[in-house]
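Below: one structure, written as structure tokens.
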Amino acid sequence: QVQLVESGGGLVQPGGSLRLSCAASGSIVSIFRMAWYRQPPEKQRDLVATVTIAGSTNYADSVKGRFTISRDNSKNTAYLQMNSLKPEDTAVYYCYADVMTRDGTGVLGIWGQGTLVTVST
């Protein structure tokens, strides 16, 4: 069984920064794409950023130049550095990973439980 655990959310003032972490644990052979999604209150969940196993990244237009996604393959961990935060960045942030597990079931899409980021004065 594989789990993703996010951390690093909280309350921050506009213009501030936060760093989210997503640690994968369990019976893991390899982790392919890792991504961060977010879901603002009463809105749909949208993709924020992705990073491949080789380190290639992609971002939603709304966060380009402000957010940076990265990963440490030796720790099975992804990060999201968020700078110049705006009130509209307020959301529950979810980590996602495509994981190949040791039990031979193939590649599974795994979600974390989410971490709340609130940008407010």
If I filter the range 86-107 for residues that are acidic (Asp, Glu), assigned to a loop (DSSP other than H, G, I, E, B) and either open to solvent by 80 Å² or more (accessible area, probe 1.4 Å) or under 17 Å from Ala24 (Cα atoms) (or both), do I get at least one hit?
yes
Quick one: is Leu80 open to solvent by 50 Å² or more (accessible area, probe 1.4 Å), part of a strand (DSSP E or B), modelled with pLDDT of 95 or more and aliphatic (A, V, I, L, M)?
no
Out of Asn83, Asn76, I need the residue that is over 20 Å from Leu116 (Cβ atoms) and not hydrophobic (A, V, I, L, M, F, W, C). Which one?
Asn76
Condition check: within 14 Å of the chain's Cα centre (by Cα) and open to solvent by less than 10 Å² (accessible area, probe 1.4 Å). Does Val48 satisfy that?
yes
Reported set for the range 108-121 where residues are surrounded by fewer than 19 Cβ atoms within 10 Å (Cβ to Cβ) and touching a Ser or Thr at 6+ places or on another chain (Cβ under 9 Å) is Leu108, Leu116, Thr118, Ser120
Given the conditions (1) open to solvent by 80 Å² or more (accessible area, probe 1.4 Å); (2) of a type in the set (Ser, Thr, Tyr); (3) assigned to a strand (DSSP E or B), every one holds for Ser74 apart from (3)
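Per-residue answers, yes or no, for (1) of a type in the set (Val, Ile, Thr); (2) more than 15 Å from Ala35 (Cα to Cα):
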{"position": "Thr57", "(1), (2)": "yes, no"}
{"position": "Asp72", "(1), (2)": "no, no"}
{"position": "Asn76", "(1), (2)": "no, no"}
{"position": "Leu80", "(1), (2)": "no, no"}
{"position": "Asn83", "(1), (2)": "no, yes"}
{"position": "Thr90", "(1), (2)": "yes, yes"}
{"position": "Thr115", "(1), (2)": "yes, no"}
{"position": "Ser120", "(1), (2)": "no, yes"}
Kindly check whether there is at least one residue in the range 64-79 that is under 20 Å from Ala24 (Cα atoms) and touching an Asp or Glu at 6+ places or on another chain (Cβ under 9 Å).
yes
Residue check, Tyr59 within 13 Å of the chain's Cα centre (by Cα), hydroxyl-bearing (Ser, Thr, Tyr) and either open to solvent by 50 Å² or more (accessible area, probe 1.4 Å) or farther than 16 Å from Val5 by Cβ (or both)
yes
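The values are calculated or read from the model by the stated rules, or taken from the named source; none is laboratory data. Just so you know, these numbers come straight off a predicted model, no measurement behind them. Ideal geometry is used to build each Cβ from the backbone, glycine not excepted, and the neighbour counts take in all protein chains shown. Ligands, DNA and RNA are stripped out before the accessible areas are found, and what is left, the full protein with its side chains, is counted by its heavy atoms. Shrake-Rupley method; radii C 1.70, N 1.55, O 1.52, S 1.80 Å.
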